[in-house]
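See below for the structure under consideration.
The values are calculated or read from the model by the stated rules, or taken from the named source; none is laboratory data. In this text the structure is predicted, and so the values were computed from the model without any measurement. Reconstructed Cβ throughout: ideal geometry from the backbone, glycine too, with neighbour counts over all protein chains shown.
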Amino acid sequence: MYEQLVTRIAEQLALPRPIKAQTQRQLSRHCSDESTETAKFLLSATDLLEEDELDIVFAAQFTPDCDDQIAVSELLYHWRPSEEEISRMTDDACRHTHHAIVVLPGEVEAPLPLHEVMADRFIRLLALQRAPEPRVSAALREVLPSSMWALGTALLRQRGFEATRQSWFVAFIEHMVRRHPVDEALLAATAEFVAAAPGIDPATLLRSAGEQLKAARGLVANARGGRTYWSADVAQHHHYRGQGEVDQNLLKHRQEEEQWLRLIELDLQHFDPDGDA
């Protein structure tokens, strides 16, 4: 299973990835200093930069996204790597994959030699050691459609989910699924709420849900009100351009956040983890 996991991680590291804005900003200074183009600099980056510089410049590029987390979920179903295995995973992954591919503007694919510091960051942020226990993974698999289970276990590896909270989350999702449909967005919003909660006792969770729902309603009202200049001088300088203009995408997102929190609060009110919820 270890070799399968290393191979999967190496495959993810080798996938072409659009250059992140943060990475592009960091690279622009170094390219200017070296008087070279980005693609050419990338090919020599591991020779030109120190390890700490590589970590800073490529931090965003080698931060695993949700798809990366999902890609390793199945392999962590009945097994978790030991600390010793995780410690040697960076070297083994680099032996499988020697280059990452950075997609530059214009869909130009530029090879980037894969340095240990890049692979180490990627593997560390996969949080493999926080994979839920098999019984918890199995319980979640019983609750969620197969298309969502890998996302669910990936969410359980995020910061804030210790074993007790993982078990509580699975029980709560089972309760939610019995009451109404749960899609990927609501699943992720619920995981974020539970992971950030100061405690998982009913009173703390309900108080936290109420506070966040109130804040979400305020954000919806602000988005619905449109763009506002907070300084009259600034507004006048810009001739009041865009004043009151509503960003429909932002408004929709704020409304979705409010809806998710409203569902979470209602479900919490009817949830008894020690009985038949």
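I'd like to know if segment 104-111 contains one or more residues that are surrounded by fewer than 18 Cβ atoms within 10 Å (Cβ to Cβ), β-branched (Val, Ile, Thr) and not assigned by TED's automatic domain parsing to the domain that holds LEU205. Working first, answer last.
First pass over segment 104-111, keeping only residues surrounded by fewer than 18 Cβ atoms within 10 Å (Cβ to Cβ): 104-109, 111.
Among the residues that remain, those that are also β-branched (Val, Ile, Thr) are: 108.
Now drop any that are not not assigned by TED's automatic domain parsing to the domain that holds LEU205, which leaves 108.
There is at least one residue in segment 104-111 that is surrounded by fewer than 18 Cβ atoms within 10 Å (Cβ to Cβ), β-branched (Val, Ile, Thr) and not assigned by TED's automatic domain parsing to the domain that holds LEU205.
Where residues in segment 259-273 are charged (D, E, K, R) and at pLDDT 95 or above, which of them is surrounded by the most Cβ atoms within 10 Å (Cβ to Cβ)?
Going residue by residue through segment 259-273, those that are charged (D, E, K, R) are 262, 265, 267, 272.
Going one step further and asking which of them are at pLDDT 95 or above, we end up with 262, 265, 267.
Numbers: ARG262: 14, GLU265: 17, ASP267: 21.
So the residue we want is ASP267.
Among the candidates GLN26, GLN12, single out the residue that is under 30 Å from ALA138 (Cβ atoms) and either part of a helix (DSSP H, G or I) or of a type outside the set (Asp, Glu) (or both).
Numbers: GLN26 fails: under 30 Å from ALA138 (Cβ atoms).
So the residue among GLN26, GLN12 that is under 30 Å from ALA138 (Cβ atoms) and either part of a helix (DSSP H, G or I) or of a type outside the set (Asp, Glu) (or both) is GLN12.
Which one of the conditions (1) within 23 Å of HIS96 (Cβ to Cβ); (2) basic (Lys, Arg); (3) over 20 Å from the mean Cα position of the chain (by Cα) does ARG25 fail to meet, given that it meets all the rest?
If we test ARG25 against (1) within 23 Å of HIS96 (Cβ to Cβ); (2) basic (Lys, Arg); (3) over 20 Å from the mean Cα position of the chain (by Cα), just (1) comes out false.
Criterion first (touching a helix residue (DSSP H, G or I) at 6+ places or on another chain (Cβ under 6 Å), modelled with pLDDT under 95, outside the structural domain of GLY152 (by TED's automatic domain parsing) and of a type in the set (A, V, I, L, M, F, W, C)) does ALA39 satisfy it?
Working: touching a helix residue (DSSP H, G or I) at 6+ places or on another chain (Cβ under 6 Å): no; modelled with pLDDT under 95: yes; outside the structural domain of GLY152 (by TED's automatic domain parsing): yes; of a type in the set (A, V, I, L, M, F, W, C): yes.
In short, no.
Looking for whichever is outside any helix (DSSP H, G or I) and among the β-branched types (Val, Ile, Thr) here; the options are VAL170, VAL177, VAL182. Which one fits? Give the steps one after another, and end with the answer.
Values: VAL170 fails: outside any helix (DSSP H, G or I); VAL177 fails: outside any helix (DSSP H, G or I).
Exactly one of VAL170, VAL177, VAL182 is outside any helix (DSSP H, G or I) and among the β-branched types (Val, Ile, Thr), namely VAL182.
Give just the number: which of (1) out of contact with any Phe, Trp or Tyr (no Cβ under 8 Å at 6 or more places or on another chain); (2) in contact (Cβ under 8 Å) with a residue 12 or more places away in the chain does ASP65 not satisfy?
(2)
Condition check: more than 24 Å from ALA189 (Cβ to Cβ), surrounded by 15 or more Cβ atoms within 10 Å (Cβ to Cβ) and at pLDDT below 90. Does ALA235 satisfy that? Working first, answer last.
Working: more than 24 Å from ALA189 (Cβ to Cβ): yes; surrounded by 15 or more Cβ atoms within 10 Å (Cβ to Cβ): yes; at pLDDT below 90: yes.
Yes: the conditions hold for ALA235.
Of everything in segment 68-105, what is free of Cβ contacts under 8 Å to residues at least 40 places away in the same chain and either outside any helix (DSSP H, G or I) or closer than 21 Å to LEU155 by Cβ (or both)? Give them in sequence order.
SER82, HIS98
Read through the list (1) more than 30 Å from PRO134 (Cα to Cα); (2) modelled with pLDDT under 95, then give the number of the only condition that GLU74 fails.
(1)
Among the residues of segment 238-258, write down those that are modelled with pLDDT of 60 or more and of a type in the set (Lys, Arg).
Step one: of segment 238-258, the residues modelled with pLDDT of 60 or more are 245-258.
Correct list: LYS252, ARG254.
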